[in-house]
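To keep things clear, I will list the structure first and then write my remarks on it.
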Amino acid sequence: MEFLTIKDITYGYQGTSPVVDGVNLVIKKGEFHCLLGQSGCGKTTLLKLASGLLQPDKGSILLNGKGMTDPSYECGFVFQSPTLLEWKTVMDNVLLPVSLRRKLTEENREYATALLKMIGLSAYDNRYPTQLSGGQQSRVALARALIQKPSMLFLDEPFAALDAITREELQEDLLRICQLQNTTVLFITHDISEAVYLSDRVAVMDKGSIIYEEEVDLAKPRTMEMRYGSYFNDLCLTLRQTMSEGRS
Amino acid sequence: MKNIRFYSLLLFIFLLLLWEIAAGNMSELVLPAPSVIFHTLIDGLMTGYFTAHIIRTTLEIVLGLILGSLFGFIIGILMGESEFLRKLLSPYIIASQAVPKLALAPLFILWFGFDMTSKVIITALICFFPLLENTMSSIQYVDKQKLELFRMLKASRWQTLIHLKIPAGLPGILAGLRVAVVLAVVGAVVGEFIGGSEGLGALIIASQGMMDTPLMFASLILLTIIGMVLYQLVNIAEKRWSKPYMKETKK
């Protein structure tokens, strides 16, 4: 069943060629979809269009059958940098989306505590973001995106600034949580192996268009060993070649 | 660097001694010795001669500071939020800044009389600008991704202001307050110079008339203390409130 449908959308600034040019994309319920591309290919713009932060010049976006013209409470968003509020504690940062909507309930606090536990930061709930490492901050940003139990999650290279080991840990956390809640995900990255490891389906974007799409035929849950298997590496190579062909 | 406070104190004592020696060779009218000034100061404090003046000047400074900062903050928010207001008002704000405000003091005394009102207004006018400027620019240049986050969370304009722009701009706003505190002292004293019978500024003018230089120095010392105490208070508030913004260096 299709959950997010992007129909022929175009977006651009006046006088230049469109940043996003006639993109079609269908993501099924509970599917983890990765969008792969080099910097400047328009993937962040596409994500902002899909999440309702930007309005397309042409085309339409349907979330669960309804047209999207505005950000929705059903969606969570994780930005390139953690974008935590420095003056709020970790707990208050996680609860921010709820506290902007209504008065916090005991249930909200319990869920936030559970989320912090899930990402291994239970002991940090009263710390301030500047007291955390980069990886910990990214975890808090992820917990904040999950606090409203979104059915759709948008992530914009959330782990790009982290070291390899921390990134793998966070990938595991993300996969586990999304599977648990059957969250549909659109994940943007320029890291080929990250895309293959995480996704059910991967698309390559170049110059504002999607030039390649492929199912990732790996069992779930994913394991460390898969990263070194032949199927994994073959797919990485194919994607790599597609990306450089797109450039030329 | 540990002993820096100690050396600072040592320097202070050395300068006092130098002053004391220099004053020994001069008329008390030109340069009274620290010991003489100290005697005048203590004497005035004990007899309660200074009390009314200290209260008056402090009150003028504090009231002017509160009034000016509050208006500066509010107008700063409005101008930071609305491009229309910013463009409409900025020529006037710049013009009002270009006028040397202390030169307006005689006019204010003409309008508002010789009592406290005129001094509070002069002080407020001087404190207004640093707060306006800092508030306006602090809330305008908030991290773009944080603004996008708030849009994603469907926050209203009011919520974005209260929960994002003002807290994010707080360090800048407090820096403006720190500047305003120092200027407030100048405003109140100049106001008292021009027209006033009470207050430390008026006392300086009176001591000039009476050729009582030690009294003049004693008043100056009191003014310096008031300024330093207020500055320290703002500093403490700034440290306290902007603590989470700083990267922790030690664990």
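Step by step: find N for segment A:23-75, compute 2.2 N^0.38 Å, then divide the Cα radius of gyration by it. What's the final number?
Output field value: 1.15.
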Could you check how much of the accessible area of chain B is carbon and sulfur, as a whole percent, using a 1.4 Å probe?
72 percent
Straight-line reach check, A:Lys28, cutoff 13 Å on alpha carbons, 8 or more apart in-chain or any other chain, hits among aspartates and glutamates -> A:Glu2, A:Asp200, A:Glu215
Expressed in nm to one decimal, what extension gain is obtained for the pair A:Asn182 and A:Lys7 from 0.36 nm per residue of sequence separation less their Cα-Cα distance?
60.6 nm
Only Cα pairs under 8 Å and at least 6 apart count here; give the relative contact order of segment A:66-144 as a rounded whole percent.
45 percent
What distance in nm separates the two pseudo spin-label positions at A:Lys29 and A:Ser60, each 7 Å out from Cα along the beta-carbon direction?
2.1 nm
Shape call for segment B:1-113 from the C-alpha gyration tensor, a ≥ b ≥ c root eigenvalues: rounded (a/c under 1.5), prolate (a/b greater than b/c) or oblate?
prolate
Report, by chain and number, residues whose modeled amide H sits under 5 Å from the one on A:Ile211, excluding near sequence neighbours (fewer than 5 apart, same chain).
A:Val204, A:Met205, A:Asp206
Please compute one quarter of the surface area of the Cα convex hull for the protein assembly as shown and express it in square nanometres.
32.8 nm²
Average accessible area per residue (Å²) across segment B:127-246 - probe 1.4 Å, nucleic acids and ligands excluded:
46 Å²
Please report the net charge: other residues with Cβ closer than 14 Å to the Cβ of B:Gly199, K and R +1, D and E -1.
-2
Add -39500 (n - 2.57) for each DSSP H run of 4 or more in chain A, then divide by its residues: what number comes out at 222 nm, to the nearest 500 deg cm²/dmol?
-11000 deg cm²/dmol
If each DSSP helix of 4+ residues adds -39,500 (n - 2.57) and the sum is divided by the residues in chain B, what number results at 222 nm, nearest 500 deg cm²/dmol?
-26500 deg cm²/dmol
About the Cα centre, and with charges only on the beta carbon of Lys, Arg (+1) and Asp, Glu (-1), how big is the dipole of the protein assembly as shown? Nearest 20 debye, please.
480 debye
Average Cα contact separation per residue, chain A, under 8 Å, 6 or more apart, as relative contact order %:
27 percent
In debye to the nearest 20, how big a dipole does segment B:116-251 give about its Cα centre with +1 on each Lys and Arg Cβ and -1 on each Asp and Glu Cβ?
1080 debye
Please report, as a whole percent, how much of the solvent-accessible surface of chain A comes from carbon and sulfur atoms (probe radius 1.4 Å).
49 percent
Sparse-neighbourhood loop sites, chymotrypsin sites (Phe, Trp or Tyr not before Pro) in segment B:7-58 - DSSP loop, at most 16 other Cβ within 10 angstrom
B:Tyr49
Calculate one ³J(HN,Hα) per residue across segment A:195-206 by plugging θ = phi - 60° into the Karplus curve 6.51 cos²θ - 1.76 cosθ + 1.60, and present them in order as whole Hz with x for glycine and proline.
4, 5, 5, 7, 9, 7, 8, 10, 10, 10, 10, 8
Nearest-0.05 FRET efficiency for A:Glu74 and A:Ser17, computed from C-beta distance (R0 35 Å)
0.60
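Per-residue Cβ counts within 10 Å, from other chains only, averaged over A:69-75: what number is that?
2
Rounded to the nearest 5, what % of the DSSP beta bridges within segment A:130-248 are antiparallel ones?
Counting DSSP beta bridges with both partners in segment A:130-248, the antiparallel share is about 55 percent.
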Contact surface B-A: accessible area buried, both sides summed, square angstrom, 1.4 angstrom probe
2400 Å²
Under Karplus coefficients 6.51, -1.76 and 1.60, residue-wise ³J(HN,Hα) of segment A:93-102 in Hz, glycine/proline x
5, 5, 7, 3, x, 6, 5, 6, 9, 7
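Looking only at the protein assembly as shown, where both bridge partners belong to it, what percent of the DSSP beta bridges are antiparallel (to the nearest 5)?
Roughly 50 percent of the beta bridges in the protein assembly as shown run antiparallel, per DSSP.
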Taking the 0 to 90 degree range and rounding to the nearest ten, how far is the long axis of helix A:230-247 tilted relative to the main principal axis of chain A, both from C-alpha atoms?
60 degrees
Show A:His33, B:His39, A:His190 ordered by accessible area, largest first, where the area counts protein heavy atoms only and the probe is 1.4 Å.
B:His39, A:His190, A:His33
Just from the alpha-carbon atoms, what are the Rg and Dmax of segment A:18-156 in angstroms?
16.4, 48
By its C-alpha gyration tensor, with a ≥ b ≥ c as the square roots of the eigenvalues, how is chain B shaped: rounded for a/c under 1.5, else prolate for a/b larger than b/c, else oblate?
oblate
Within the under-15-Å Cβ sphere about A:Glu31, not counting A:Glu31, Lys/Arg +1 and Asp/Glu -1 give a net charge of -1
Taking 51 Å as R0, compute the FRET efficiency from the Cβ-Cβ separation of B:Arg240 and A:Lys220 and round it to 0.05.
0.55
Proximal lysines relative to B:Lys239, as straight alpha-carbon distance under 17 Å, when same-chain residues fewer than 8 apart are discounted:
A:Lys88, B:Lys247, B:Lys250
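Apply 1/(1 + (r/R0)^6) to the Cβ-Cβ distance of B:Arg157 and A:Glu169, taking R0 = 30 Å, and write down the FRET efficiency to the nearest 0.05.
0.20
The values are calculated or read from the model by the stated rules, or taken from the named source; none is laboratory data. These numbers were taken from a predicted model, which means no experiment stands behind them. Cβ sites come from the backbone with ideal geometry, for glycine too, and all protein chains shown count toward neighbours. Keep in mind that these areas ignore ligands, DNA and RNA; they rest on the heavy atoms of the full protein, side chains included. Shrake-Rupley method; radii C 1.70, N 1.55, O 1.52, S 1.80 Å.
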